[in-house]
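The values are calculated or read from the model by the stated rules, or taken from the named source; none is laboratory data. Since we're looking at a predicted model, the values are computed, not measured. All Cβ positions, even for glycine, are placed from backbone atoms using ideal geometry, and neighbour counts span all protein chains on display. The area values use the complete protein model at the heavy-atom level, side chains included, leaving out ligands, DNA and RNA. Shrake-Rupley method; radii C 1.70, N 1.55, O 1.52, S 1.80 Å.
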Amino acid sequence: MALDKPYEDVPGTTIFDADMARKGFHLNQFCMSLMKAGNRDAFRADERAYLDQWPMTEAQKQAVLDRDYNRMMALGGNIYFLAKIFSSDGISFQAAAATMTGMSQAEYAQMMLDGGRSPQGNMYKEDK
Amino acid sequence: MAKITAGVCTSHVPAIGAAIDNGKTGDDYWRPMFAGYEYSKQWIAEQKPDVILLVYNDHASAFDSNLVPTFAIATGEEFKPADEGWGPRPVPNVKGHPTLASHIAQSVIQDEFDLTIVNNLDVDHGLTVPLSLLFGQPSEWPCRVIPIAVNVVLYPPPSGKRCYALGKALRRAVESFDDNLNVQVWGTGGMSHQLQGPRAGLINQEFDNDFLDRIVDDAEALAQVPHINYVREAGSEGIELVMWLIARGALNDKVTLKHRFYHVPASNTAVGHLVLENS
Ligand SMILES: [Fe+2]
């Protein structure tokens, strides 16, 4: 019997469950390697060559090269692991989050100052 | 006998740590948030705890996909701040309390909570930001800290109910330790926030304020709220709030609310903060 996933009807949200963790294992472990300054330097020097050292799928590697965080999450990445990529890029959590929403960084920052994204209409997929 | 005297609950947003480390606490953006911690800084200077049981979650810093303990207690002597991708925070190393931590580990396992025991542990913003918020920027942290790490990254995290019960087991463990120690328990993380996907930036002030009300006076019922409610209503990362229930479970059924603070935003997140004393 398949496991119950009651969170699948939450819009715009990926829950990092066992299936996603299995899919994203090597992508996430690559991210962890960026916690060492020497590895960050090697990654910056030649991103493609660095990624090729990891048994990741081509789609995962391309999503990293494109800094497409929604795509990385669809391929099993988890935001706290992916944070190592944008931290290596010197980008803040807020700027990285903005890239996932289709808003500009300025629009996103203003939304947060105005109290954040409202839960109204954002709790169920059918609300959308 | 060691005694739990008080609890502190607080968000642990990494940008708060960066604001402290980079001298930005007086900026217009940050000043109102840090003002909410002024009372608590004075309060803790008077309380002088000997040990803090600091409940937090590791954000893929010490634990990666290779090893995911649901609950872990750190029994080591000393813990370094983690390099989370931009270099370690310039804060002092955290000194543990190996004898109390080992006593707690043995006690709660015999009390049917099968904790993982860890010795070498680099502690990330989840643990160091709350220390900075309460203690500022000392050259040494003024007390011992026992890190208690909770998995809230890989689904499923432990339920609120299980967290609340763990708090009760921690209390029994502390109270069976012979040395006279003033022990506090802190629960960190939250409040509503979502860091990922098209719904990033979600904040739910109504949910958060209801949580702040109920964790004081109605904690046992609050602990029954299931995971899906946190995710749906408070954002995918709002689930961190279950860690507050561990701290609350370790306190008396009746507590005195000494301080309450709520502020939006700190980066992507709603900041909540409570100071509770055992009455
Ligand atoms: Fe967190």
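Are any of the pairs A:Lys23/A:Lys84; B:Lys24/B:Lys48; B:Lys80/B:Lys258; B:Lys161/B:Lys254 more than 22 Å apart by Cα-Cα distance, and if so, which? Over 22 Å Cα-Cα: B:Lys24/B:Lys48; B:Lys80/B:Lys258. Working ranking of peptides A:44-54, A:71-81, B:183-193 by packing, defined as the average number of other Cβ atoms within 10 Å per residue, highest first, is B:183-193, A:71-81, A:44-54.
Could you give the distance between the Cα centres of region B:68-121 and region B:125-178, to the whole Å? The distance from the Cα centre of region B:68-121 to that of region B:125-178 comes to 9 Å. With Cα atoms defining each centre, region B:254-279 and region A:1-75 are spaced 34 Å apart in the structure. Applying a DSSP loop filter and a limit of 10 other Cβ atoms within 10 Å to the GluC sites (Glu not before Pro) in region B:136-207 leaves B:Glu140. Taking amide H as placed 1.01 Å from N in the peptide plane, the amide H of B:Trp30 sits under 5 Å from none that are at least 5 places away or on another chain.
Phi-derived couplings, Karplus 6.51 cos²θ - 1.76 cosθ + 1.60 at θ = phi - 60°, listed residue by residue for region B:236-248: 4, 8, x, 4, 3, 4, 4, 5, 5, 5, 5, 4, 5 Hz, with x used for Gly and Pro.
Mean per-residue shielding of peptide A:109-122 is 6, counting Cβ atoms of other chains within 10 Å of each Cβ.
Over chain B, what is the mean sequence separation of C-alpha contacts under 8 Å (at least six apart), divided by residue count, expressed as relative contact order in percent? About 31 percent, as a whole number. Length gained on full extension, B:Asn66 to B:Asp114, computed as 0.36 nm times the residue gap minus the Cα-Cα distance: 15.4 nm. Here region B:1-154 carries DSSP beta bridges of which approximately 35% are antiparallel, counting only pairs with both residues inside. Partner shielding of A:72-81 amounts to 4, given as the average count of beta-carbon atoms from other chains within 10 Å of each residue beta-carbon. For chain B, the fraction of 1.4 Å probe accessible surface lying on carbon and sulfur atoms is 46 percent. Excluding same-chain neighbours fewer than eight residues apart, the aspartates and glutamates reachable from A:Lys61 by a Cα-Cα span under 20 Å are A:Asp19, A:Asp41, A:Asp46, A:Glu47, A:Asp52, A:Asp89, B:Asp64.
In region B:82-101, burial by the other protein chains removes 50 Å² or more of accessible area from B:Asp83, B:Gly85, compared with the chain on its own (1.4 Å probe, ligands and nucleic acids ignored). With a simple spin-label model that places each label point 7 Å from the Cα along the Cα-to-Cβ direction, the separation between B:Ser279 and A:Glu58 comes to 6.7 nm. Think of each Lys and Arg Cβ as +1 and each Asp and Glu Cβ as -1; about the Cα centre, that makes the dipole of region B:1-102 roughly 280 debye. In this structure the protein assembly as shown gives 39 Å² per residue of accessible area when probed at 1.4 Å with all protein chains present. Its DSSP H runs of at least 4 residues, each contributing -39,500 (n - 2.57), put the calculated 222 nm mean residue ellipticity of chain B at -10000 deg cm²/dmol, to the nearest 500.
Extension gain for the segment A:Lys36 to A:Glu8, taken as residue separation times 0.36 nm less the Cα-Cα distance, is 6.6 nm to one decimal. For the residues of A:95-106, the average number of beta carbons from a partner chain within 10 Å of their own beta carbon is 3.
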